[in-house]
Structure formats: structure tokens, C-alpha cells
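Have a look at the structure below before the remarks.
Each value in this text was obtained by applying a stated rule to the coordinates, not by laboratory testing. Owing to the predicted nature of the structure, the values given are computational and were not obtained by experimental measurement. Cβ placement follows ideal geometry from the backbone for every residue including glycine, while neighbour counts extend to all protein chains displayed.
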Amino acid sequence: MSAEAVEAVEMRAALVRLRRGTGLPVAFGGLTAGAGRAGQAGQVRIAELSGAATHALRGLTVAAGNGLGGKALTLARACAVTDYHGSRHISHEYDFAVATEGLRSVLAVPVVVRRRVRGVLYGALRSAQPLGDRALSAAMAAARDVEQALLVRDEARSLLAAAAAPAAEGAGAWEEVREAHGALRALAPRIVDPALRTELLAVCGKLASAATPSEREAAVVLAPREVDVLACVASGATNAAAAERLGLRPETVKGYLRSAMRKLGAHTRGEAVASARRAGLLP
């Protein structure tokens, strides 16, 4: 699945949540052109529609400062109008498309990742009436979901780049490798893109095997989540911290840790980490 296809899936899901949370009949949105690259965040292309009666808005390119979405893009904050066509607080470059879809009250919420606007989500009514705080809060929550998905992908790419860079020899370098391995293991289950998730796990395997001593212990098979928990433990995380990092309950982390220790024949957390390293499961 391409990055564009994954983004489309994430955006469609966010628009469905926006409509469900706000009760608004129409939602649409898109990401900035060249998202994440400097100098190319000045416009948003409307790529996804939910509840629309026409295709008038699909493919529409909204420039920074123009219309309601362009205003949200420029100000990096949510904006709303009760009557789009009659509003004197926005410019009207897109009136024809908005009128064709029959929209009146519209809100626009920016998707902001690391202080950069990466997209805009819209919700709309076909009647001119105020959009309350509930609708705005639900729309902002949907935008936060998209932000989190984009942030996770950015972090994954950054970690992959760091893991691919050759490290200097020495204990300090291996500590960096181990930190990268733990971060990648924790991040992988949160990746929607299957190709990117597979790439992350493949890099984890390379990092683990690269640090394995020549005299490897007998093969031990651990479940993916058992390795995830051990990677957190190896970085010094408590069960509570590992649970937060992995999105699990502390009791679940304890269960995975006990199971891993049993398979490794370890009696302590430290022994489990050492055994996992000798088995080539951790760097």
C-alpha cells in the first residue's frame, strides 16, 4: 500500500469520526501538497469526501489565506462561519463549489504536526445555523487523530534513517542501537501502513542480529509482544512505563514478561534481557 493510499484511509476514517462526533451531515478534507517538506505547505487539496451529494469539492485546491480552509491553514487554528456565502470574514474564491454542494454553515480545523499545518478537516451543514462547541470539539478530536497518525509515521521514518546510519564502534554506539531497537519495536504496532510496519520489523531484526555474539544460545521463539516488552525492559522501563509506551495495560505487560522469562529460563528481568541478547532477539 502506497503512502498516498494509507493517508487516504486515515483521512476517510477521520472524516467518519468527525461526522459521527459532530452530527454534521458532510465532512471533507485533505493534506497539504508535499506535506512535511519546507516551502510546500501553502495549499491543501481536498481529496476525501464523506456524506457529500456531489463531487464539486473533490480535487479542489485551497490556497493559504483563501476561503475558510485557507484561513485555518494560515492561522493554524479552527475557523467557522454560519453562512459561508454571506460571510465577510473570509474570501470567496470557492463559492461555486460550496454552493454546488449546498453547504451553508462550515467549520475548518487544521491538522498540525510539530507546528506545521499538514492538512485541513471540514465539517458542514446545508442550513445556516451556528455550529456549537460540541461540534468544534469533535472536529478537533478527529484532527488530532490524523495528527497522531502522521506523527507516528514521521517518527518511524526518522528512526529508520537513524538505524540505517553506520554507528561508531564501542559500548556507547551499541547503547544507541539498543535504544533505536526499543523505539522501533514500540512504534511498529501503531503503524497503519503494512509496508512501513514490515520495514520497521525487518530493521529490528537486523539490529538484533548485528549485536549477537558468535556463540549463540539455542534458538528461543518469543511472541512479538514478548520481544516488545523485553525491549522496553532492556531500556530500563518499569512495567508501568512499558505499558504506556506500548499501549497496553500493566497487567498485560507483566503477563508477557512472565511468559518470556519462562521461555528463556530466566529468573529475573536482567537475566531475561541477557538471555534474549544471547539468543539474537535483542541487540
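Here are some notes:
- A cut-off of 5 Å between modelled amide H atoms, ignoring neighbours fewer than 5 places along the same chain, links residue 45 with 31, 33, 62.
- In the stretch 215-267, Cα pairs under 8 Å separated by at least six residues give a relative contact order of 40 percent.
- Exposure proxy ranking for 116, 20, based on other Cβ atoms within 10 angstrom of each Cβ and starting from the fewest, stands as 20, 116.
- Dipole magnitude of the stretch 54-162, debye to nearest 20 (Cβ charges: Lys/Arg +1, Asp/Glu -1, about Cα centre): 240 debye
- Packing-based exposure ordering (other Cβ within 10 Å, fewest first) of 267, 85, 92, 181: 267, 85, 92, 181
- Cross-link partners of residue 263 among lysines (Cα-Cα below 16 Å; sequence separation of 8 or more within a chain): 254
- Here the Karplus curve 6.51 cos²θ - 1.76 cosθ + 1.60, taken at θ = phi - 60°, turns the phi angles of the stretch 25-33 into couplings of x, 10, 9, 7, x, x, 9, 5, 5 Hz, with x standing for Gly and Pro.
- Over the stretch 16-139, volume per residue of the alpha carbon convex hull, in Å³: 91 Å³
- Order of 100, 268 - criterion: other Cβ atoms within 10 Å of each residue's Cβ, fewest first: 268, 100
- The trypsin sites (Lys or Arg not before Pro) of the stretch 61-111 that meet both conditions, a loop assignment by DSSP and at most 10 other Cβ atoms within 10 Å of the site Cβ, are 88.
- Projecting label points 7 angstrom from Cα along Cα→Cβ for residue 151 and residue 267 puts them 4.3 nm apart.
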